[in-house]
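Below is one structure, written out as structure tokens, with a few remarks after it.
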Amino acid sequence: MNLLIGFIVVSCGFVFALDHLNQDVSNYWDVIAFAMVILGTLSVSIITSPPLRIITILRFFFHGIKNGGGLREDTINNSLNLFKGNIPNGKVKRFDQKVLVDGLELLRLGYPTEKVEVILRQRIENYTNDAVTIASWVRGLSKYPPAFGLAGTVLGLIHLMNGLSDGSGPKETGMRMAIALVATLYGIVVANIFVNPVGDRLMSRAKEDYNLAEISLETILMISRKTNMITAIETLNNYVPNKLKNIETNKLLAEVS
């Protein structure tokens, strides 16, 4: 949702700029320049793609661009529900939920606390490494659209010079120059409005997924150590933003009592 709102805001900015300049969108459209930037970036993305299954990359990608608001509080609520004896059921959608389910299964099988921690920590590390790898890959792609845009501009300038040698008039020369510069515009827009923000969003989500998984791991370890509910509340409350701590603590303590 945040990405969509961001794209809408920047689109409004472009519309305002075009209106102020008394320009039409058609003046900035060139299919050759568009193909040069998009297909060039797509080719590089294929060449440099991480050594993961395509379905894994797509899953991380679509998961990363989703809105992540309120997930930390939801994860803490799931953790506290375990202390109340409510075992999670149904389809597991997030990794932090999977850590809880897997942790409970390991405890049920009789694994000691130390072994459970080692196993779950390794799974969290592997998941985070994959997520960061994909985010870094997308971020890295942001340097290619401007390069392909510049290549498109060079091709346009070559076409312009050929026209001048054939005796093109000022009007046609100006049009060819404008078309040549459109490719550079496409490269800048694709890199800084689409690719780079998405990469930053994926990286931010990867870090938050790690934090959520840590909450779930801490919950499993406290259950294994038979930590009392009050201590569990105070421990999990450390993951809540400071301004919410007092509110959340009072609410949870009231429920316990």
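For this structure, a couple of remarks:
- Residues (more than 23 Å from V10 (Cβ to Cβ) and either of a type in the set (A, V, I, L, M) or within 25 Å of the chain's Cα centre (by Cα) (or both)) located in segment 147-178: A151, V154, L155, L157, I158, L160, M161, L164, M175, M177
- When restricted to residues that are in contact with an Asp or Glu (Cβ under 7 Å, 6 or more places away or on another chain) and within 21 Å of T41 (Cα to Cα), segment 145-182 contains 2.
- Restricting A33, A17 to those that are free of Cβ contacts under 8 Å to residues at least 12 places away in the same chain and either in a helix (DSSP H, G or I) or in contact with a Leu (Cβ under 7 Å, 6 or more places away or on another chain) (or both) reduces the list to A17.
- Annotation for segment 83-91: no member residue is more than 20 Å from L236 (Cβ to Cβ) and either in a helix (DSSP H, G or I) or of a type in the set (S, T, Y) (or both).
- Condition met for D74 (under 20 Å from the mean Cα position of the chain (by Cα) and either closer than 30 Å to A151 by Cα or surrounded by fewer than 18 Cβ atoms within 10 Å (Cβ to Cβ) (or both)): yes
- Within the option set T219, T227, being under 31 Å from the mean Cα position of the chain (by Cα), under 27 Å from R108 (Cα atoms) and at pLDDT 80 or above holds for one residue only, T219.
- The set of residues in segment 93-105 being without any contact (Cβ under 8 Å) to a residue 24 or more places away in the chain and over 20 Å from E208 (Cα atoms) consists of E105 alone.
- In the set L141, L160, only one residue is modelled with pLDDT of 90 or more and surrounded by 15 or more Cβ atoms within 10 Å (Cβ to Cβ); that residue is L141.
- Hits in segment 14-38 (condition: closer than 26 Å to Y144 by Cα, loosely packed, with under 11 Cβ neighbours inside 10 Å and at pLDDT 80 or above): V31
- For the condition surrounded by fewer than 14 Cβ atoms within 10 Å (Cβ to Cβ) and either not small (G, A, S) or not in a helix (DSSP H, G or I) (or both), G174 does not qualify.
Condition check ((1) closer than 30 Å to I134 by Cα; (2) among the charged types (D, E, K, R); (3) free of Cβ contacts under 8 Å to residues at least 12 places away in the same chain) across all residues:
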site: G152; (1), (2), (3): yes, no, no
site: G163; (1), (2), (3): no, no, no
site: P170; (1), (2), (3): no, no, yes
site: L181; (1), (2), (3): no, no, no
site: V198; (1), (2), (3): yes, no, no
site: R205; (1), (2), (3): yes, yes, no
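- Top-ranked residue in segment 92-116 [being of a type in the set (K, R) and either over 12 Å from L221 (Cα atoms) or not in a helix (DSSP H, G or I) (or both); ranked as modelled with the lowest pLDDT]: K93
- One residue from K171, K143 being farther than 24 Å from P50 by Cβ and among the basic types (K, R): K171
- Selection status of A213, modelled with pLDDT of 90 or more and under 21 Å from R94 (Cβ atoms): yes
- Qualifying residue in segment 47-62 (condition: at pLDDT below 85, part of a helix (DSSP H, G or I) and buried (at least 17 other Cβ atoms within 10 Å of the Cβ)): no
Every residue, every condition in (1) among the small types (G, A, S); (2) closer than 21 Å to P145 by Cβ; (3) touching a residue at least 60 places away in the same chain (Cβ under 8 Å), yes or no:
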residue: T41; (1), (2), (3): no, yes, yes
residue: P51; (1), (2), (3): no, no, no
residue: I65; (1), (2), (3): no, yes, yes
residue: N78; (1), (2), (3): no, no, yes
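The values are calculated or read from the model by the stated rules, or taken from the named source; none is laboratory data. The structure presented is a predicted model; accordingly, all values stated were derived computationally and were not measured. Note that each Cβ is placed from the backbone with ideal geometry, even for glycine, and that neighbours are counted across all protein chains shown.
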